[in-house]
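The values are calculated or read from the model by the stated rules, or taken from the named source; none is laboratory data. Here the structure is a predicted model, which means the values were calculated and not measured. Don't worry about glycine lacking a Cβ; one is built from the backbone with ideal geometry, like all the others, and counts go over all protein chains shown.
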Amino acid sequence: MTDLLLIVQIVLVAFIVIAVLLQKSSSIGLGAYSGTNESVFGAKGPNAFLSKVTFTLGFAFVLNTIALGYFYGKAKNSSVIDDMIDKTDIAAPSVKVATPAVTTSTTESNKTK
């Protein structure tokens, strides 16, 4: 799950960068290279549309960041070693070890002497 969210995070970052660079600013940015923007987005130009897209992408970025933090925090509590211990307990056969028999007759006879 975290792999998918991480890929989405990278894609969101790329789209946010593109959306910000396309917006008109004091130095005009990359929007200067597309002269037909006004006809595509209407009379007001792309500013209103691009600002809404940037806000939406930013909101999705924040939600995805929170989800990534949650899942990484949840995965932090588990360990690979815990999984290995569970698997070895199941896989290991139970072997009974024979204990040597202790005779008490020799110890009792030594006490009586």
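Residues that are of a type outside the set (G, A, S) and modelled with pLDDT under 55: does region 29-37 have at least one?
Looking for residues that are of a type outside the set (G, A, S) and modelled with pLDDT under 55, one finds at least one in region 29-37, hence yes.
Would you please name the residue that is modelled with the lowest pLDDT, looking only at residues in region 38-79 that are of a type in the set (K, R) and in a helix (DSSP H, G or I)?
K76
Please work out which residue is farthest from K24 (Cα to Cα), limiting yourself to region 50-74 and to residues that are aliphatic (A, V, I, L, M) and free of Cβ contacts under 8 Å to residues at least 40 places away in the same chain.
I66
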